[in-house]
Amino acid sequence: MSDEQPGDVRDTLSGLEQRLREIEGDLRSSAAEPKAAAGNQDSGGPGNNGPRKRPSGLLTAGLGAAAVLALVLIAAIASSSGNAPNSTAGSSQLVLGAGVANSDGALVISKLSGVRAARGDAAAEACAGTAGAALVIVQPAPRTVGCAGLQQLLTMTVSATAIAERGGSRRCLSAAQVTSRLRRPASRLTRQRASHVLKARQDAAMKAKTAGASAAASLNAQRRAAAVSGAKFDSVNHLSLAKVRNATGACVAPSDVALRSGAYPLSLRVALLARPDSALNANVTEAEAKLRIALSGAVPVEAAVAGR
């Protein structure tokens, strides 16, 4: 890691610009080699030393990724010019990334001061200094770009999706198969399961309110009740949650351990990312503490029951 300030977006953009120029030079030199060796002759023609070389896919992908990151950061700076008068205002804000707004994680911190939806890429806003921290999705599909230097304060599982099937055998499905089934009209058992889980959450919320529990503790209780209710429904109806194949081809069941660690591929996990100069900001530390309380423990699983 360099000695530059990670939160300084100008240094980040300067480094990106230099890297882009290096990659561009590599691409040009790579494209020029066959011209020097073979002129304009087609491959296989007389006097040709071999097929033309093309710029490597790795170089092209690297150039594209770096360009996207640079554009995102520049856009964040441009959009913030009229909204963040100084770095102090930005450092006290926490932005919610794409797909986070309606999750349990967002619910528990949405009422804190300085929490708002991101104007674009959430992590890029933290990089640019228009926000001190960002809550973003990191699994199953990252929805952010970010930059080097952001601190990862926590990563926790919010929820998970699965397919429930009758019988004791647990088939191994691909993530695409699961998401495809979840798009189908809900079966009778799917609706019943969802209704049982919702009632369990509502009952837990009422008990927490009566006991005077904090919002974070109440949400923790609701999540635990939802997880227990779903598991009980599956047991009573002789349902098993199917395993899902991960990136290495291994089949992973949605066990408690796999859900909490994120080993189960269809776990929805969020990360709280912060600028180094904002990690100890009161808003950020309060958000971190609330998230740890609310999202610890059992993970609720939304399951579609195969069949009718």
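Applying the selection to region 220-263, what residues are crowded, with 18+ Cβ neighbours inside 10 Å and of a type in the set (S, T, Y)?
Those that are crowded, with 18+ Cβ neighbours inside 10 Å and of a type in the set (S, T, Y): S229, S240.
Name every residue in region 154-181 that is touching a residue at least 12 places away in the same chain (Cβ under 8 Å), over 12 Å from V244 (Cβ atoms) and out of contact with any His (no Cβ under 9 Å at 6 or more places or on another chain), in order of residue number.
L154, T155, M156, T157, V158, S159, A164, E165, S169
Listed here are the residues, each with its yes/no results for (1) farther than 21 Å from V301 by Cβ; (2) part of a strand (DSSP E or B); (3) not charged (D, E, K, R).
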| site | (1), (2), (3) |
| --- | --- |
| P142 | yes, no, yes |
| G146 | yes, no, yes |
| L153 | yes, yes, yes |
| I163 | no, yes, yes |
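In region 127-139, is there at least one residue being buried (at least 19 other Cβ atoms within 10 Å of the Cβ), assigned to a helix (DSSP H, G or I) and either outside the structural domain of S235 (by TED's automatic domain parsing) or free of Cβ contacts under 8 Å to residues at least 40 places away in the same chain (or both)?
Yes, region 127-139 contains a residue that is buried (at least 19 other Cβ atoms within 10 Å of the Cβ), assigned to a helix (DSSP H, G or I) and either outside the structural domain of S235 (by TED's automatic domain parsing) or free of Cβ contacts under 8 Å to residues at least 40 places away in the same chain (or both).
Going residue by residue through region 265-280, is there one that turns out to be surrounded by fewer than 21 Cβ atoms within 10 Å (Cβ to Cβ) and free of Cβ contacts under 8 Å to residues at least 40 places away in the same chain?
Within region 265-280, one or more residues are surrounded by fewer than 21 Cβ atoms within 10 Å (Cβ to Cβ) and free of Cβ contacts under 8 Å to residues at least 40 places away in the same chain.
Tell me yes or no: at least one residue of region 139-162 is over 19 Å from the mean Cα position of the chain (by Cα) and under 28 Å from R201 (Cα atoms).
No.
Is one or more of the residues making up region 167-183 at pLDDT 90 or above, buried (at least 18 other Cβ atoms within 10 Å of the Cβ) and not in a strand (DSSP E or B)?
no
Residues that are under 21 Å from the mean Cα position of the chain (by Cα), within 24 Å of V95 (Cβ to Cβ) and at pLDDT 95 or above: which helices (runs of 4 or more DSSP H) entirely in region 195-296 hold 1 or more of them?
The helices (runs of 4 or more DSSP H) meeting that bar are 215-236, 282-295.
Could you give every pair whose Cβ atoms fall below 7 Å, whose first residue belongs to region 198-223 and is touching a residue at least 40 places away in the same chain (Cβ under 8 Å), and whose second residue is part of a loop (DSSP other than H, G, I, E, B), counting only separations of at least 6 or pairs across chains?
N220/S296; N220/G297; R223/G297; R223/A298; R223/P300
Any idea which of (1) within 15 Å of the chain's Cα centre (by Cα); (2) part of a loop (DSSP other than H, G, I, E, B) is the one K111 doesn't satisfy?
Unmet condition: (1).
The values are calculated or read from the model by the stated rules, or taken from the named source; none is laboratory data. The model shown is predicted, which means the values in this text are computed figures rather than measured ones. Note: ideal-geometry Cβ built from the backbone for every residue, glycine included; neighbour counts use all protein chains shown.
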